[in-house]
There are 2 protein chains.
Amino acid sequence: MGKRNLYLKTIPVKEAQEQYMQALLDIVVSKTEVIPAEDSLGRMTAKAVYARCCSPLFNAAAMDGIAVTAKQTQGASQENPLTLTKGVDFQIVDTGDPVRPPYDAVIMAEDLLETDEEHVQILEAVSGWQHVRPIGEDIVAGEMLIPGGHKIRPIDIGVLISGGILKVEVAKKPKIGLIPTGTEIIEPDKEPKEGDIIESNSRMFAAMTVNYGGIPRRYSPVVDDYEKIKAAIKRALDENDIVVVNAGSSAGTEDYTVHILREMGEVLVHGVAIKPGKPVILSIVEGKPVIGLPGYPVSAYIDFENFVRPVMDLMSGERHLSGHTVKAVLSKRLVSSLKHQEYVRVKVGKVGDKLIASPLARGAGAAMSLVRADGFCIIGQNCEGVEAGETVEVELYRSLDEIEHTVVSIGSHDLILDFLADLMPLSYTGSFLSSTHVGSMAGLMALKRGETHIAPTHLLDEETGIYNISYLKRLFPEQEMALIKGVKRIQGIIVQKGNPKGIQGIEDLRRVTYVNRQRGAGTRVLLDYLLKTAGICPEEIDGYEKEAATHMAVAAMVKSGGADAGMGVYSAAHAMDLDFIPVGEEEYDFAIRKETLKLEEIRQFLHVLKSDEFRKKAEAAGGYDLAHTGEIVEL
Amino acid sequence: MGKRNLYLKTIPVKEAQEQYMQALLDIVVSKTEVIPAEDSLGRMTAKAVYARCCSPLFNAAAMDGIAVTAKQTQGASQENPLTLTKGVDFQIVDTGDPVRPPYDAVIMAEDLLETDEEHVQILEAVSGWQHVRPIGEDIVAGEMLIPGGHKIRPIDIGVLISGGILKVEVAKKPKIGLIPTGTEIIEPDKEPKEGDIIESNSRMFAAMTVNYGGIPRRYSPVVDDYEKIKAAIKRALDENDIVVVNAGSSAGTEDYTVHILREMGEVLVHGVAIKPGKPVILSIVEGKPVIGLPGYPVSAYIDFENFVRPVMDLMSGERHLSGHTVKAVLSKRLVSSLKHQEYVRVKVGKVGDKLIASPLARGAGAAMSLVRADGFCIIGQNCEGVEAGETVEVELYRSLDEIEHTVVSIGSHDLILDFLADLMPLSYTGSFLSSTHVGSMAGLMALKRGETHIAPTHLLDEETGIYNISYLKRLFPEQEMALIKGVKRIQGIIVQKGNPKGIQGIEDLRRVTYVNRQRGAGTRVLLDYLLKTAGICPEEIDGYEKEAATHMAVAAMVKSGGADAGMGVYSAAHAMDLDFIPVGEEEYDFAIRKETLKLEEIRQFLHVLKSDEFRKKAEAAGGYDLAHTGEIVEL
């Protein structure tokens, strides 16, 4: 076996950032450029901008009416109306017209008695400068319009132009070269074969670069070859201000990046105590920052935020604003290691007046967990974990407003949750459904703790044969509860297309490889019930310990040949083009507190559940009976 | 005089919005387009996007090491190491490599004892699927990646591409045609003459359109001519989805817009109970929304937010998210009318742990008040006002993070505040100085109420001839206070270039026109003192009642000929190229509570105050003595 530098030394996140920033401060020169003010939206001013002219440019009428000399109006009253002559005592003005000497006040049109075309009467004296906007009232020539280091907004563009400023000096946008590396990496337009990984990180980085005010430049993927990677970095350095190499930043046999960067320049940091994202490389080559990022999408994302964005900010003068931080109650115990600062993705929901943070999958490869999350809960390096029910700080990357209009669902998984989540915002702009899949039982526990609005559940009472109701009664003895009826769905054994192993029923699971669902999942409860009825003990099933978190994950495992069979719903088998042996029908409903039914978002959810659009999607997926969908059973 | 439709009928904001949206719902068709996923940042999905392939695409090694068959490792232990043979019992894998049958588990490289190139020893049995990422662990083919009506983020682009999606259907960006109208309007590149107004609103609207996801198209200004405006609207309707006409939306002699729109289509609303922004026109012409907005920049901005943005949102499926709302304590009484919903611009500062909202200028023309403000305090139509000290809701358009890093200054105005505000963020990225100019006395009162960090002040004790200290002692008898020494500055009479009226001193003010400062301003206190000493009574001064809020505003008024003389600092006269007759030197300092000196931002402020960059700017402006600048006097 080849040589591996197996143990990456790590340093704390803050230390790595400070060390790198300190080194870059000495070499990074902020470049500026002069651009038209009207194209400067979102750019950072390089220095203060001072007005060239006043606004208004002259003493101007603030109302439609007549311009008069205030002194001349003295003595006018209801009893003694004063008649003024056009061209002599007054001039007609519209709002914005100049008021020139000797005129120094404006009387509103509605306060005039018109006598004829040439004369008006007034019933009241006016004071000087009444209804006149004096020159420079808004902007005075020479005054500062906007300071340096300021991000230009639409209103700033308005005053720049009103103040006579047509061009403005701003920080140049940093150019970021993005080099994907890896022999297994293919461009997205190629058909992938086994072992291939579709290149997506550089596209994500490009979008992040745009969001943070830089100009991205993506290069074609480079195979794992020392000289080729070196040549790619050389070229990117010529063409950009910052270079990002992804991946090969770790210490494996084919991780060349760190060796190349050591040869080309100086590596300041290799390995940071952050999870996910440990194998990051911070280096300086030819006076420019070159950063090596790991390949897993979540690690790549977190490291880009922590190490690339501050370098961009340093060049553009923008401040790295951490996301909006809120306090939320943690719904599940989180254990972390003292070895690193950990970024745990969380879903955040508002249930009652509490914000609830529910941790999601923690794997560095789980890009979908970033998509599904609403923010990060950051567990410090000196902390071993946080207990459920404790208050944590969450860095949100979704707005609180959106979160407040979101129906929170925690419980059992079914494909119809996807359909409902899709239809919610399309039917009610700004309303969302957020679902976390933990199984029926864990969902009901979350409902009991007040952490979810609804808990999708399909739990069979073995004695009565009735689904869900007895569990609710037992778990919520003192509360007024309800069930929103969902769907009847067919559960069965998902097998390879054509059923090559000839599986007919539960008994046959003893002679094939199986993939199970996690503990507490209704489907697993059903399997256990069926095994017990058939007199089979779990040890007889090869793969009983292999767990998948959703019906679709079970189907995918069967599809890949990783297992011969798994239990799940018809729609999952159908979606992955697999065969399906039905074993029974069950009721998949939404448990809810009765008082929660009153919420506006729940009414919207009910409306979507009963909609034709939903019905069509469910029917197309197959295996569902929608006869009672949307009915409410009060307990 | 021409006919004027003087009294615009107004309806409440919400009613106007609902009426218009209801009418548009029936005619606006959401258009979609299919674009490359990698270019879809910030776009709104037209429908849910489902994965085409799994990620990983195969069962993949999650670690660098060897792939083995879990069953074969049974029995291995410290006492009974198991030797495995390459190519027979194991295969070397790097992270991401496929794990193919019969292999079903990975052992990490660091857990291996290497015996030779062909053999390894293991000391522990492993369970199936250890360190293997099963196919579809992250993304399962067929599952929903992102719902419809979702704004695409960088991470979404990552999973779209990983899920095999190269193209995505999104809402088309609405095109907004922007037509400036008005005979007095000139393009910014022309040199303005008296009576001209530089066209800036359409540039501001264009930037707002970009921010809210639309495509702006600006047209050249159209003079106040019925047929020409009509032709411009016709053309804009052909080329855009929404048309905005600015201004001429009111009911004056030359306000043609409403008449044209009545001829061309249907005017649903003319006049909304909103201040500023009353004369808004909401119409539908040729099945498209045409909106008339008033000309004053603040009215235009507020109406664009309230009436154009929701129409854009309707087309793009985006939700109109109001700015982030916070609770703040109002620093000054606000009176409002029952006639309208009023948008009061406020500066927001964090002093201690209170957020303080200080109202700014309320004129519709005061565009700089929008630049200086941090947000809006909205006073409902059914509310007559709010008392100082009450808690109000503020819609922020600056981030709370920025506000928390801002030194708040309320008090007397001097040009050096501009210099300091400019230098703060350039010296300390992300730190700001925000200053409100209310005069020395009002600033000290704000300091007393805990609404500001520092209060710039120059108040002369007539008995001792000492500045500031006696006022602090009297106003803060029980508190530990300090003065940060600012500058000594020369006060004098600002007069026309060449001093045509031959003004030599205070006595001469009796025979010219004067512009005064507002009550409570140190400069006014000084004038009053000088008048009293000279035995002159205020009634003798023509213009004693005419008030300007800053030194620069006084200078601008003199420059324009609106007054012959005004009192102010040398730097203001210098900046406007005016003559200056010195009348005395005074001390302009910053009052502060002693405990506030400890704040990090105040330390930064002190550092900037003592910096060479600041000294250079102040010396270039002229009239300042900086011998004691930055020194701290504890009282």
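The values are calculated or read from the model by the stated rules, or taken from the named source; none is laboratory data. Just so we're clear, the structure is a prediction, and the values are computed from it rather than from any experiment. Cβ placement follows ideal geometry from the backbone for every residue including glycine, while neighbour counts extend to all protein chains displayed. Just the protein is used for accessible areas: all its heavy atoms, side chains included, with ligands, DNA and RNA removed. Shrake-Rupley method; radii C 1.70, N 1.55, O 1.52, S 1.80 Å.
A:GLU18 contributes an accessible area of around 110 Å² to the protein surface, as traced by a 1.4 Å probe with all chains present.
Give the Kirkwood hydrodynamic radius (Å, one decimal) of region B:331-404, defined as one over the mean of 1/r across all pairs of different Cα atoms.
12.6
Quick check: with the 1.4 Å probe, what order do B:THR325, B:THR391, A:THR209 take by accessible area, largest first?
Order by accessible area, largest first: B:THR391, B:THR325, A:THR209.
Take B:GLN19, project a point 7 Å from its Cα along the Cβ direction, then tell me which residues of region B:241-270 have their backbone nitrogen under 15 Å from it. Counting only backbone N, you get B:262, B:266-270. For A:LYS278, give me every one of the aspartates and glutamates with a C-alpha distance below 12 angstrom, ignoring sequence neighbours fewer than eight places off in its own chain. Answer for A:LYS278, where 12 Å is the Cα cut-off: A:ASP303, A:GLU342, listed by chain and number. To the nearest ten degrees, helix A:415-427 and the longest principal axis of the Cα atoms of chain A are 10 degrees apart. Pairs of Cα atoms nearer than 8 Å and 6+ residues apart set the relative contact order; for chain A it is 11 percent. Pairs over the 30 Å Cα-Cα cut-off, from the set A:LYS339/A:LYS448; A:LYS327/B:LYS350; A:LYS275/A:LYS350: A:LYS339/A:LYS448. Using a 1.4 angstrom probe on protein heavy atoms only, the contact between A and B buries about 9400 square angstrom of accessible area, both sides summed.
Each peptide in B:366-373, B:67-74, B:332-339, B:33-40 receives the mean, over its residues, of other Cβ atoms within 10 Å, and ordering these scores from highest gives B:366-373, B:67-74, B:33-40, B:332-339. Whole percent per 5 Å bin, from 0 to the bin with the longest distance: what is P(r) over all C-alpha pairs of region A:420-481? Percent of pairs per bin, in order: 4, 16, 22, 19, 16, 12, 8, 3, 1.
Radius of gyration over Kirkwood radius for region A:226-291, both on Cα atoms: the Rg/Rh ratio is 0.95. When a 1.4 Å probe is rolled over the protein heavy atoms, the share of accessible surface on region B:1-97 that falls to carbon and sulfur comes to 52 percent.
So what's the gap between the Cα centers of region B:63-94 and region A:405-446, to the nearest angstrom? Using only Cα atoms to place each centre, the spacing works out to 43 Å.
Against chain B, whose longest principal axis comes from its Cα atoms, helix B:226-239 is set at around 10 degrees. Once the Cα atoms are used to define both axes, helix B:612-621 deviates from the longest principal axis of chain B by about 30 degrees.
Placing A:THR436, B:THR533, A:THR32 in order of accessible area, with the largest value first and a 1.4 Å probe, yields B:THR533, A:THR32, A:THR436. In the neighborhood of A:ILE284, defined by Cβ-to-Cβ distances under 12 Å, what is the net charge if each Lys or Arg adds +1 and each Asp or Glu adds -1? Overall, the nearby charge balance is -1. Each copy carries a label point for A:GLU595 at 7 Å from Cα along the beta-carbon vector; from one copy to the others these points are 3.9 nm apart, nearest first. Under the rule of at least 5 residues apart or a separate chain, name every residue whose amide H is placed under 5 Å from the amide H of B:VAL351. Residues meeting the criterion, in which the H sits 1.01 Å from N, are B:ILE356. Distances between copies at B:THR533, taken between label points 7 Å from Cα along the C-beta direction, are 10.5 nm in increasing order. A crude spin-label estimate for the pair B:ALA627 and A:VAL34, with each label 7 Å from Cα along the Cβ direction, gives 4.1 nm. Answer with one residue from B:GLY520, B:ILE469, B:GLY502: the one whose Cα lies farthest towards the positive end of the charge dipole of region B:444-533, charges on Cβ with Lys, Arg +1 and Asp, Glu -1. Of the listed residues, the answer is B:GLY502. For the segment A:144-152, counting C-beta atoms of other chains within 10 Å of every residue's C-beta and taking the mean gives 6. With Cα atoms as the point set, region B:386-491 shows a radius of gyration and Dmax of 15.5, 47 Å.
A probe of 1.4 angstrom, applied to the heavy atoms of all protein chains, finds A:GLU384 with accessible area near 130 square angstrom.
Bridging of B:LYS617 to lysines at a Cα separation below 17 Å is possible for A:LYS47, B:LYS488, once same-chain residues fewer than 8 apart are set aside. With θ taken as phi - 60° and the Karplus curve 6.51 cos²θ - 1.76 cosθ + 1.60 applied, the whole-hertz 3J(HN,Hα) list for region A:10-26 is 10, 10, x, 3, 4, 5, 4, 4, 5, 4, 6, 4, 4, 5, 6, 3, 6 Hz, x standing for glycine and proline. Dividing the Cα radius of gyration of region A:1-145 by its Kirkwood radius returns 1.51 for Rg/Rh. Short to long, the 20 Å bins of the Cα pair-distance histogram for the protein assembly as shown hold 10, 33, 32, 18, 6, 1 percent of all pairs. Residue by residue, region B:158-166 carries 3J(HN,Hα) couplings of x, 6, 4, 5, 4, x, x, 9, 9 Hz when phi is fed to the Karplus relation 6.51 cos²θ - 1.76 cosθ + 1.60 (θ = phi - 60°); x denotes Gly or Pro.
Per residue of A:408-418, other chain Cβ atoms within 10 Å of the residue Cβ number 1 on average. What share of Cα pairs, in percent, lie more than 17 angstrom apart in region B:1-86? Counting pairs separated by more than 17 Å, the tail of P(r) holds 79 percent. Computed from backbone phi with θ = phi - 60° and the Karplus coefficients 6.51, -1.76 and 1.60, the 3J(HN,Hα) list for region A:193-205 is 10, 4, x, 7, 10, 6, 5, 10, 4, 5, 5, 5, 4 Hz; x is used for glycine and proline. Of the two radii for region B:470-634, the radius of gyration is 1.02 times the Kirkwood radius, both from the alpha carbons; that is the Rg over Rh value.
Based only on the alpha carbon positions, what is the Kirkwood hydrodynamic radius of region A:543-617, in angstrom?
Hydrodynamic radius (Kirkwood, Cα pairs) of region A:543-617 is 15.1 Å.
Around the amide H of B:ALA548, modelled in the peptide plane, lie the amide H atoms of B:ASN516, B:ARG517, B:GLN518, all under 5 Å away and 5 or more residues distant in sequence or on another chain. The radius of gyration of the Cα set in chain B, together with its Dmax, comes out at 34.1, 112 angstrom. At a probe radius of 1.4 angstrom, the accessible area of chain B per residue rounds to 40 square angstrom. Volume per residue for region B:257-384 equals 115 cubic angstrom (convex hull of Cα atoms).
Centre-to-centre separation between the Cα atoms of region A:297-317 and those of region B:217-296: 45 Å. Here the translational diffusion coefficient of region B:159-273 follows from Stokes-Einstein with Rh set to the Kirkwood radius across Cα pairs; for 10 °C and 1.306 mPa s it amounts to 99 µm²/s.
In this calculation the C-beta distance from B:LEU123 to A:LYS339 is compared with R0 = 30 Å, giving a FRET efficiency of 0.85. Its Kirkwood hydrodynamic radius, worked out from the mean inverse distance over all distinct Cα pairs, puts region B:60-133 at 11.8 Å.
Take peptide A:124-133, look around each residue's Cβ out to 10 angstrom, count Cβ atoms belonging to other protein chains, and average those counts.
2
Of all beta-carbon atoms in chain B, the one sitting closest to the axis that brings chain B onto chain A gives B:HIS324, 4, with the distance in whole angstrom. Between copies, the label points of B:ILE35, set 7 Å from Cα on the Cα→Cβ line, lie 1.8 nm apart, reported in increasing order to one decimal in nanometres. For the pair B:ARG615 and B:ASP238, label points projected 7 Å from Cα toward Cβ lie 6.6 nm apart.
Please work out the C-alpha center-to-center distance from region A:97-164 to region B:501-524 and express it in whole Å. Here the answer is 23 Å between Cα centres.
Its residues counted as N, region B:463-507 yields a C-alpha radius of gyration over 2.2 N^0.38 Å of 1.87.
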